Amino acid sequence: MSKVDIDALDPEAKAALLKRLDQGFAKTVPHNLALGLRIVDLDATGCVAELPYDAKLVGNPDTGVLHGGAITALIDATCGAAIFLAMGEPVRIATLDLRIDYLKPATPGRAVRCHAVCYKRTRSVAFARATADVGDANDPIASATGSFMIFAGQTIKMDVLSPVEEGES
């Protein structure tokens, strides 16, 4: 399978791809589902995922701020999804290194969004950048870079990047 040209997709095909990627995101990594992570947008450079605010994910009950571990999971997962998009198929990957600079706390009661891009791939390693924010991409709460091992030939058994067949949901 070749890389998907997201910009060339009509809105209906893009919505179908987004739905399929979001389903694969939740089904192949149960932790994503448990946290409520969702892929909410795609573009030619990467994707955007969202971590909804949930009181069970609060790190400090006195402030109501989401725990950094939940935000780390959001960033890691979004980088992985961006790599899948860049590769054109969901090949097994593993995080080798993920550096996150927390710039400020998330706003209590607000969902956190992460935009990630895969900016370089080799045969065995992919590199991604990401930022997280609570509604203003120009005012990030965290910035990250990461490297991910690519397990060539170990495709995930879910064709999340194939078009949705008519009548399929």
Tell me, which residue of region 77-128 that is among the acidic types (Asp, Glu) and out of contact with any Phe, Trp or Tyr (no Cβ under 9 Å at 6 or more places or on another chain) is modelled with the lowest pLDDT? 89
Got at least one residue in region 86-97 being in contact (Cβ under 8 Å) with a residue 60 or more places away in the chain, within 25 Å of residue 6 (Cβ to Cβ) and in a helix (DSSP H, G or I)? yes
Could you tell me whether any residue of region 69-83 is within 13 Å of the chain's Cα centre (by Cα), closer than 23 Å to residue 28 by Cα, surrounded by fewer than 19 Cβ atoms within 10 Å (Cβ to Cβ) and in contact (Cβ under 8 Å) with a residue 12 or more places away in the chain? yes
I need the full set of residues from region 64-85 which are in a strand (DSSP E or B) and out of contact with any helix residue (DSSP H, G or I) (no Cβ under 8 Å at 6 or more places or on another chain), in order please. 65
Positions within region 87-117 being out of contact with any Ser or Thr (no Cβ under 9 Å at 6 or more places or on another chain) and over 16 Å from residue 57 (Cβ atoms), in sequence order: 87, 93, 94, 104
Residues (surrounded by fewer than 16 Cβ atoms within 10 Å (Cβ to Cβ) and over 15 Å from the mean Cα position of the chain (by Cα)) located in region 89-109: 96, 97, 99, 101, 102, 103, 104, 108, 109
Picking from 49, 34, the residue that is in contact with a Cys (Cβ under 6 Å, 6 or more places away or on another chain) and closer than 24 Å to residue 94 by Cα would be 49
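The values are calculated or read from the model by the stated rules, or taken from the named source; none is laboratory data. All values reported here derive from a predicted model rather than from experimental measurement. We place every Cβ from the backbone using ideal geometry, glycine too, and count neighbours over all the protein chains shown.
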